[in-house]
Structure formats: structure tokens, C-alpha cells
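Taken together, the values in this text are just the output of simple stated rules run on the coordinates, not laboratory data. Please read all numbers here as calculations on a predicted model, not as lab measurements. Cβ placement follows ideal geometry from the backbone for every residue including glycine, while neighbour counts extend to all protein chains displayed.
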Amino acid sequence: MSRPSADVATRNGVFARAFIYAVLILFVVYYLLPLYVMLVNSLKPLDEIRKGNMLALPHVWTIAPWLEAWSTAQIGVQPIGLKPYFLNSIMMVVPAVAISTLLGALNGYVLTKWRFRGDNVVFGMMLLACFIPFQIVLIPAARILGLLGLAGSVPGLILIHTVYGLGFTTLFFRNYYEAFPTELIRAAQIDGASFFQIFRRILLPSSGPIIVVTVIWQFTNIWNDFLFGSSFSSFDSIPITVALNNLVNSSTGVKAYNVHFAGAILAALPTLIVYIVSGRYFVRGLMAGAVKG
Amino acid sequence: MADATMTAPGAVTTAKTTLQDLLPKIVLAPSFAIILVFVYGFIIFTGFLSFSGSKLLPDFSTWVGFENYVRLFRHPNWIVSLQNLAIFSVLYIVICSVIGLGLAILLDQKIRGEGFLRPIYLYPMALSFIVTGVAWKWFLDPGIGLEHAMHQIGWESFSFRWIKDRDFAIYTIVIAAIWQSSGFVMAMFLAGLRGVDNEIIKAAQIDGASTFMIYRRIIIPLMRPVFLSAFVVLAHLAIKSYDLVVAMTDGGPGTSTWTPALFMTKFTFGRNEMGMGAASAMVMMMMIFAIIVPYLYSELGGHKK
């Protein structure tokens, strides 16, 4: 990603270069504008949004909308802000990411280093599971969660996110371990190392990058999920995305746009921070998820 | 005696070896079993439901054959959903690919500050569709958004109220979806461009080919696998599009921005038409599989030695 591919462009004229930069900057504006609008308007009093220009900086700067979005905004019937839902999301995301990543690592290890007859079929079926439209599992999943006594609970959501993340985590680790020299594994086996010893002592220490990629991918997907959250949560397990949608689309009262924008940024903050801190790995995950094989 | 002492350790080793042999399968089994039940079992369950007369709850006592599918394809809301999916996916895929390829080519011209520009193009992909939806819903809202802002700076005749217009609301969802995904397509193409062999390009330059010709005749044709990957990813995102619609319009005005995914949840959980909801989910799955299965087959097949 760092090396321009060719000298194709070096002989372009000054005019062409200027044009290229102009287009590139135009797209910077396009991509940043919505974020700018959200940020600027989340720092204005409400009447300034209604009377003023959405693109203008605030005359009166205020953080009141942020405080309201976080702790007192009316969501559903309760004026408790987004905070409890933010915590729900954290309690859901952390275990779901940890479990699905660990299982994915073990699956990838087995599928590449302990091949057996039909392993490609197993992998193919797990891979195909990544792409199903989740609408196809909503009804039976609701049923199973009910039978397990997990309906509307955080553990229920953890289970669902773990299950439907397994395909991707397995895919990531399988592709990564595929390139890992099998001779090393065989040598360790001859020296008497067991299945788990090989995994812990040989594979895991060199799995850093793929663990980061997988954790970021899972974290982003589960944090941003809306469909499962809106289908399988009840009052004390509603995740942040669903709460944000309830906040914005509740029809009662005056629309507090500034609070909506502050809430939207709050909901986006964790994944944005992950992206800013480790964008390189984030991109790698996207590509690995997109370019199979 | 001697034999017994000789065989005992051997037997232990055998037992241990067998356990070691089975261990990989034991480790993989739970994941595979879960996928079998939660994915394939559930698909079969939903498949059965789509042939049943289920309304509020799953009901396997009445069988209606293909009636749910017949009613589905005669229902105006489903027809609207399919039309919207067609409009949305064509525009979304084409425009994302054009912007993605265009930006990638421009970024590939030894641009100063590429490391600064790339993350800006890509960050929307880290956001939830709900956040994107909220941002664009208010940005395009005539009351406070773009139209309002233009009136404030004195352009009184400026009018942009697509999001409130039955005929145009679906395009506002396209705009927001492109904003979210086009940077990602750019990253895919950029990776593809960086993989092109420099020797080929140098040879073409020696032969006197112009920059434009080199891209048109050599580089872009080499991008075919990237086009295919981008198409598969975007098509599959388009068929699944749900969150963004819910956040921006929730299907409105009227039913003008319904999509198949929205239809499924509205009919199953809102209108107690579980049989039809299941049928719509089956149709969605078949659409996705029609795209994904051949793709995965060729990708996996190509990797076999």
C-alpha cells in the first residue's frame, strides 16, 4: 500500500497535477462533511440549529447536548441517556469478541495443520455461513434463545454474535496459518509436543497480527450490529445502536438535533478510536474479509 | 510375563496416540456443530416455515404449499422492495466502483500526503450504518439540513427535499450508502494497482503509450479480479441493506424505501405474517447464494493443488 505502482504519472503537466489534487481534496470534503456537521451541531444550542446555518461554527459553544445524550436524554420511556446502553454494548462485545476469536484460532489451526478427509467441506460450510442474510435465522434464533432461557439477555446476544462471527474468525486464522511452515509443526510433533502445546508455544506467539485483525473486525461488526440487537434485546440488554435509533426516531416531543448528533458520535466513538489507533490492521481485516481464498 | 511388560507401555502409547489423533476433531467439532445447527438447521427451519401457515408464532400444523411465495410476489410492498433493491444495488455498485477506481488511480500518481488522505476516505467504513443514517437523515432534511443552510446564505430558490419525496427517497439512501462504502472499494483497487507488475508498464511506456492508454488497455483490464471481489462484496451488502434504511427513513415516505430485508422484519414481527416473512428471507438467501456460491467455488477451487 505504500509504493506507487508506476512512473505512469510522473510526466503529467502542472495543470493535470493541480486537477488531481483538486479532485482528491473535493472527496476529502465529501467524506468529512457529515462528521463535521455532526460535530459542529452537537456543540450548538438547539435554537441556533433551527435558526442558523448547519454548516456554520457555533456562536455559543455548549457541551450540554453531550451531557444530555450521555445521561438524561429520553430513550423509549426512560430519561436515562445512552450511558446504560453503551455499557450493555461493552458487556456484549468483550466476551463475544474474545470467545469467537479464540475459537477461530483453534479452528484455523485444525483446518490447516491437522487436515483430515473432508476438511475443505467443513471449511466451505463455515465460510458460506459468513454470507447468509441474517433474516433467514431470525425466527429460529429467537426460538432457541427462548428455549435456552436467554431471550432478551446480554448472554443471549453474546451467544448469537459468537456463533455468527465464527465463520469470519475461522477464515482469518485459516488463511494466516496456511502460510505457516508445517515442517515446524511436524518437527515439534516428533519431539513429543502435544496438540495444545504446539498451538500455545509455536503458533500463538507468531499470531499477533492476525489476532489484532480479527479482534478489530469482530469488535467493529458486533459494536455496529443493529439487526440482532433490535431483534433479541429487551430493556436491560439493548445495545447502543438500537438505543441511538430509538433516540433519533422517537416521535414524541421536540426533536433535539444537537443531542442526536452528540449521541451518534458517542455511539461511533469506540470504533472510530479503534480505526484511528490501528487503521492499518482495520484495512487488512476488510481486505481479508473481501478477498477470499 | 515378558510379553505383558513389553506390550503395556505400547498399549498406553496407542491410547494416547488415538486421543491425540482425535483431539483436532474434538476441538473443531463444537464450532462445526454450532454452525450446522445455527446456520444450516435454521435455514431448513425457516424453509419449512415458508411453506406453513404460520402467523404470529411458528406453526407446523397447517401446510399451505407455495401460497406464501405466491402471496409474496403478488404483494405490492414486496414488488416495491424488489424494485428498490434493483435501483439501490445497481447505483450503489456502479457508483462505488467508479469512485473507488477513480480515487485509487488518482492516489496512485505519487501523491504527496497519500498517508493523510487514505484514512479520511476510509473512516466511514468504521461507522455503524445507524450513525451514518442519523448523519445523512439530518443533513438531507429540508428543515434543518442542506436546503435550510443554502437558504440561510441567501440561495432562496435552492430545493433539495428528496428524502421527503416518495419518488426520490431511495436515492438519498444510495447517497449515504456510497458515502459509507466507496472508500473501502478505493482501498481494494489501490491494493490491486500496487500489485501490477512495473515491467509491463515500463515496456508500454517505451513503446510510446500515453498514460491514459496504459490505464485503459493494460492496468484496468488487469483489475478484473478486484472488480469481481468488489461486485460480490457490494452486491451482498446491498441485499442485506437494512440498518441504513431503518435509520434514515424506516421505509418511508409511505412504503417508498422498503427493501427486502425491511420487508422481512416488518412482515414477520410487525404484521404477524411469519410464513410470508420466512418466504421473503428464503428469496433473499437465494439471491445472495446465487452470487456468493459460484464466487467461493471458483476462489476455493483455484487454491486446490
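Observations on the structure shown:
- For the peptides B:282-291, B:242-251, A:233-242, the ranking by mean Cβ contacts within 10 Å, running from highest to lowest, is B:242-251, A:233-242, B:282-291.
- Neighbouring partner chain Cβ atoms per residue of A:22-32, average, 10 Å criterion: 5
- Projected over all directions and averaged, the alpha-carbon convex hull of the stretch A:14-72 occupies 5.3 nm².
- Euclidean distance between Cα centres, the stretch B:58-134 to the stretch B:190-238, Å: 24
- For the listed peptides A:205-212, B:174-181, a ranking on the average number of other beta carbons within 10 Å per residue, highest first, reads B:174-181, A:205-212.
- Kirkwood Rh and Cα Rg combined as Rg over Rh, evaluated for the protein assembly as shown: 1.01
- Chain B has equivalent-ellipsoid semi-axes of 44, 37, 18 Å, by the square roots of 5 times the alpha carbon gyration tensor eigenvalues, sorted largest first.
- Radius of gyration and maximum dimension Dmax of the stretch B:78-127, Cα, Å: 15.4, 49
- Choice from B:P58, B:P294, B:P30 showing the highest fluctuation, given a GNM over chain B with Cα pairs closer than 10 Å: B:P30
- Relative compactness, the stretch B:78-231, computed as alpha-carbon Rg over 2.2 N^0.38 Å: 1.30
- Ranking of A:C130, B:C96 by count of other Cβ atoms within 10 Å, fewest first: A:C130, B:C96
- The mean number of Cβ atoms from other chains found within 10 Å of a Cβ in peptide A:55-62 is 1, as a whole number.
- GNM flexibility winner over chain A from A:V28, A:V40, A:V274 (Cα, springs under 10 Å): A:V28
- Theoretical FRET efficiency, 1/(1+(r/R0)^6), r = Cβ-Cβ of B:T255 and A:L147, R0 41 Å, to 0.05: 0.75
- Span-rule helices in chain A, defined as complete DSSP H runs reaching 30 Å or more along the axis (Cα) with Kyte mean at least 1.0: A:14-41, A:83-113, A:257-290
- Full-extension gain in nm, B:F48 to B:F73, via 0.36 nm per residue minus C-alpha separation: 7.2 nm
- If you model the stretch A:83-290 as an ellipsoid using its alpha carbon gyration tensor, with each semi-axis the square root of five times an eigenvalue, the axes come out at 37, 20, 14 Å, biggest first.
- Helical segments meeting 27 Å axial Cα length and Kyte-Doolittle -0.5 threshold in chain B (DSSP H): B:2-35, B:76-107, B:169-194, B:274-303
- Cross-link pairs A:K44/A:K255; A:K51/B:K137; A:K255/B:K266 - those with Cα-Cα distance over 22 Å: A:K255/B:K266
- By the helix-only formula, in which each DSSP H run with n ≥ 4 contributes -39500 (n - 2.57) and the sum is divided by residues, the protein assembly as shown has a 222 nm mean residue ellipticity of -22000 deg cm²/dmol.
- Each peptide in A:93-102, A:158-167 was scored by the mean count of other Cβ atoms within 10 Å over its residues; highest first, the order is A:158-167, A:93-102.
- GNM result for chain A, Cα springs below 10 Å: residue of A:A179, A:A142, A:A243 fluctuating most strongly: A:A179
- Other protein chain Cβ atoms within 10 Å, averaged over every residue that makes up B:185-193: 3
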